[in-house]
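Have a look at the structure below before the remarks.
Derivation of every value follows stated rules applied to the coordinates shown; laboratory data play no part. Owing to the predicted nature of the structure, the values given are computational and were not obtained by experimental measurement. Cβ: placed from backbone, ideal geometry, glycine included. Neighbour counts: every protein chain shown.
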Amino acid sequence: MSETADKKKNITIMDVARQAGVSKMTVSRVLNKKELVKASTRERIFDAMKELNFRPNAMARSLAGGQSLYVGLIYANPSYFYLSELLFGAMDACRDRGHHVLVDQAYNISDLTDPAYIEQRFFEMGVHAVIIAPPLSEVSEVVQNIEGAGINLVCIGTKPEGDRLSVRMDDLSASDDLIQYLIDLGHQKIGIVEGPSDHKLASQLRRDGFQRAMDRNNLEVPANYVASGDFTMHSGMVAARQLLATEPRPTAIFASNDDMAIGAINAAYELGLRVPEDVSIAGFDDTQMASSVWPPLTTVRQPIRDMASRAIDLLELKHHGEPIKSLSTTLEYELIVRASSGPPKE
């Protein structure tokens, strides 16, 4: 192959941007959303493409034609069960609508607070629509930088704000209902495994719901009935060991997600305790593992797949410029009672 042919083959959008004197993101916008770039700049970019014999790839042509969405699902969540539910929900919705999902892990959240990094990263992924879940969706700089790059965005698990698209559930009421169920079973000594501080909204709302139910029933929460985890199974096991070593021992433990609740079940067995005869354990999310572990886990069913599907719906409407009735969607939760909970010992 000649040197000239080899050069033509390897021409990239970076080369086009350099030739036209613009950023890579501006070239991407011309390919994806021509209305965002003024006519003179667009003409200069097309001239550069012609001079360099540049041909957009299939993904770029599809986006420019508006036929398919390439949606980036960006995550920094330690719960693989939660992520699998979110991913399957997004994939199912995209398959039904002829769109595509590209998954990317944010290894360092601070990178996403840099606007230049966001433009480069999302350009490399070839996406122009993004879904982010906690904790990313709770970092204002990340959200603002994605929006500032001209990329359509839906935030999962956040409160409504301005004209931002969001999908969530009522974590506060859900955890309140779960704790009330345990109280109605007869439990008064209830411990909690909190979620991590970087999941500000979900962790705090679930703790607040727990406390609201306890206060309403005039039940105290001693300091040693509160332990912290990071939404992983191992952290739930460590936290539950701490709670189960207290005197008097709690008769029930609420873990702020299913992974930590499963870790708590393992800790109970490790200590020779029976679930639920010696200690009831409940979680939050209703991931697939919640019904697979023994005993099956009492939990709150968070509609994770439905939230991802609704996010795709919103991005599709936004992409095609169609009216959106509600910028924020709150989906229903469900209390799922299984064998990991029961009345306390007399």
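May I ask what percent, to the nearest 5, of DSSP beta bridges between residues of the chain are antiparallel?
10 percent
Scaled to the compact-protein estimate 2.2 N^0.38 Å, what is the alpha-carbon radius of gyration of the chain, rounded to two decimal places?
On the way: Rg = 24.3 Å, N = 346, 2.2 N^0.38 = 20.3 Å.
Compactness ratio reported: 1.20.
What's the magnitude of the charge dipole for the chain around its Cα centre, counting Lys and Arg as +1 and Asp and Glu as -1 at the beta-carbon? Answer in Debye, nearest 20.
1280 debye
Determine the shape class of region 182-300: with a ≥ b ≥ c the square roots of the Cα gyration tensor eigenvalues, call it rounded for a/c under 1.5, and otherwise prolate if a/b is greater than b/c, oblate otherwise.
Because its axes are fairly even, with a/c under 1.5, region 182-300 counts as rounded.
With the dipole of the chain worked out from charges on the C-beta (+1 for Lys and Arg, -1 for Asp and Glu) around the Cα centre, which of ALA245, VAL37, VAL142 lies farthest toward the positive end?
Working it through, the farthest residue towards the positive pole turns out to be VAL37.
Classify region 301-346 from the C-alpha gyration tensor, please: rounded if a/c falls under 1.5, else prolate or oblate depending on whether a/b exceeds b/c.
Prolate, since a/c reaches 1.5 and a/b exceeds b/c.
Leaving out same-chain residues fewer than 8 places away, which aspartates and glutamates sit with a Cα under 15 Å from that of LYS345?
ASP184, GLU277, ASP278
Among rounded, prolate and oblate, which fits region 170-228 when a ≥ b ≥ c are the square roots of the eigenvalues of its C-alpha gyration tensor, a/c under 1.5 means rounded, and a/b larger than b/c means prolate?
The shape class here is oblate.
Which one of ILE192, ALA202, MET214 is farthest out on the positive end of the charge dipole of region 189-242, using unit charges on Cβ (Lys, Arg +1; Asp, Glu -1) and the Cα centre as origin?
The one lying farthest along the dipole's positive direction is MET214.
Mark the label point 7 Å from the Cα of TYR269 along Cα→Cβ and return the residues of region 310-346 whose backbone N is within less than 12 Å of it.
none
Could you work out how much longer the chain between SER84 and THR113 gets when fully extended? Use 0.36 nm per residue separation minus the Cα distance between them, nm to one decimal.
Result for the pair: 7.9 nm of gain on full extension.
Counting pairs of alpha carbon atoms under 8 Å apart in space and at least six apart in sequence, what relative contact order in percent does the chain give?
Relative contact order of the chain: 16 percent.
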